[in-house]
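Step one of this worksheet: look at the structure below.
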Amino acid sequence: MRLVIAECSVTYAGRLNAYLPPAKRLIMFKADGAVLIHSDGGSYKPLNWMTPPARVIVSEPSETQQHEGIETVWTVQSQKSDDRLIISIYAIEHDSSHELGVDPGLVKDGVEADLQRLLAEQIHLLGSGYQLIRREYMTAIGPVDILAKNGTGETVAVELKRRGDIDGVEQLSRYVELLNRDPLLAPVHGVFAAQQIKPQARVLAEDRGFSTVTLDYDAMRGVDDVDSRLF
């Protein structure tokens, strides 16, 4: 991973256009090809980013850019679309690279681990005809919670959360995109499953063609007293 702290402006050009005026920011180049732009406040999420696969093109600034104080221009070009992340560098304060090694992946807490086990045992909760392939299906970017086949025999990647938010949908998107490169698995569909799914996450998931499933943890454990319900 390469970490750069620099005075920079950032332009995203493509399906959506966005601009970050000059300021001091952290630029993160990940080994998988992702590039993320972070500030020191406001949110834990990046201000802007480019998902992999992408390539970085370094170029000299134009005469006009030189007059503005720009020293170099980094263009992060997506290899799957015309989207570009254009980073204009005014000054670099820090530039270092670090080898992080292979990450073991996220260790689920008790509830998420139980949800995964129970859903694998009750895979029919996803729909009629579903069959489990395996839990913790390992990929180059981490394990998919559950890999299954749907009623028509197509591959389905399932991301499980206690509380489903936008980050979980983004995680599922990365898995589905990667798995779809494997001709033995493609086409791969996504299912976002959680005890609670935030409205924004549900909208994003459905916009990306994913199914959403709300899980009743107590019912799955067999401790839900159906007879005592009011509704």
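Could you list all residues from the range 109-163 that are touching a residue at least 40 places away in the same chain (Cβ under 8 Å), more than 28 Å from residue 183 (Cβ to Cβ) and not in a loop (DSSP other than H, G, I, E, B)? 111, 112, 114, 115, 118, 125, 161, 162 - these are the residues of the range 109-163 that are touching a residue at least 40 places away in the same chain (Cβ under 8 Å), more than 28 Å from residue 183 (Cβ to Cβ) and not in a loop (DSSP other than H, G, I, E, B). If I ask for residues that are among the charged types (D, E, K, R), in contact with a strand residue (DSSP E or B) (Cβ under 7 Å, 6 or more places away or on another chain) and open to solvent by 30 Å² or more (accessible area, probe 1.4 Å), which ones from the range 1-29 would you list? Across the range 1-29, the qualifying residues are 2, 7, 24.
Residues in the range 26-45: is at least one in contact with an Asp or Glu (Cβ under 6 Å, 6 or more places away or on another chain) and not polar (S, T, N, Q)? Scanning the range 26-45, I find no residue that is in contact with an Asp or Glu (Cβ under 6 Å, 6 or more places away or on another chain) and not polar (S, T, N, Q), so the answer is no.
Checked across the range 83-97, the condition of being within 27 Å of residue 166 (Cβ to Cβ) and either free of Cβ contacts under 8 Å to residues at least 60 places away in the same chain or touching an Asp or Glu at 6+ places or on another chain (Cβ under 6 Å) (or both) holds for no residue. Does any residue of the range 164-183 turn out to be outside any helix (DSSP H, G or I) and farther than 22 Å from residue 51 by Cα? Within the range 164-183, none of the residues are outside any helix (DSSP H, G or I) and farther than 22 Å from residue 51 by Cα. Residues that are at pLDDT 95 or above and part of a loop (DSSP other than H, G, I, E, B) were ranked within the range 43-65; the one that is nearest to residue 9 (Cα to Cα) is 61.
The values are calculated or read from the model by the stated rules, or taken from the named source; none is laboratory data. Keep in mind it's a predicted model, so treat the numbers as computed, not measured. When we count neighbours, we look across all protein chains shown, and the Cβ atoms used for this are built from the backbone with ideal geometry, even at glycine. Side chains are part of the model used for accessible areas, which takes the heavy atoms of the whole protein and leaves out ligands, DNA and RNA. Shrake-Rupley method; radii C 1.70, N 1.55, O 1.52, S 1.80 Å.
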